Amino acid sequence: MTFCTAGHVDHGKTALVRALTGVDTDRLAEERRRGLTIELGFAPLELPGVGRVSLVDVPGHAQFIPTMLSGCGGLDGAVFTVAADEGPMPQTAEHLD
């Protein structure tokens, strides 16, 4: 099974993947410098009773929509994230659509 993250930039997609898997999917120096995902990131997650699933951490910035879409093809589901401290952003509805 494969799931991707989805949501606005800075709403915790990468932090959620890191908390669930221990894998920091922002591996490029540019991603760390800018504090945002640029390339697709991949992490395995063991779920009791299910087995191993794959998480694909996709960019949330409008500039990287082509990369986001390439990571969302052929998925079994998505993990849609919204920052608890900021709530939905103007692009949140667009991402959900």
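Observations on the model:
- A helix-only calculation puts the chain at -7000 deg cm²/dmol for mean residue ellipticity at 222 nm, using -39500 (n - 2.57) for each DSSP H run of at least four residues, averaged over all residues.
- The antiparallel fraction among DSSP beta bridges confined to the chain stands at about 50%.
- Sulfur and carbon atoms: percent of accessible area, the chain [1.4 Å]: 56
- Percentage relative contact order, the range 6-95, counting C-alpha pairs under 8 Å, at least six apart: 34
- Building the convex hull from the alpha-carbon atoms of the chain and averaging its projection over directions returns 6.3 nm².
- Surrounding net charge for A62, when Lys and Arg each add one and Asp and Glu each subtract one, Cβ distance under 14 Å: -3
- Residue-wise HN-Hα coupling along the range 44-61, computed from phi with Karplus coefficients 6.51, -1.76, 1.60 (Hz; x: Gly, Pro): x, 9, 8, 10, x, x, 10, x, 7, 10, 10, 9, 10, 8, 10, x, x, 8
- Mean separation of Cα contacts under 8 Å, 6 or more apart, over the residue count of the range 1-58: relative contact order %: 42
- Magnitude of the charge dipole for the chain, about its Cα centre and with charges confined to Cβ atoms of Lys, Arg (+1) and Asp, Glu (-1), is about 240 debye.
- Nonlocal amide H pairs with C4, under 5 Å, H built at 1.01 Å: V56, G77, A78, V79
- Å² of accessible area per residue within the chain, as computed with a 1.4 Å probe and no ligands counted: 58
The values are calculated or read from the model by the stated rules, or taken from the named source; none is laboratory data. The shown structure was predicted, so the numbers you read here are calculated from the model rather than taken from an experiment. All Cβ positions, glycine included, derive from the backbone under ideal geometry; neighbour counts span all protein chains shown. Just so you know, the surface numbers come from the protein's heavy atoms only, side chains and all, with ligands and any DNA or RNA stripped out. Shrake-Rupley method; radii C 1.70, N 1.55, O 1.52, S 1.80 Å.
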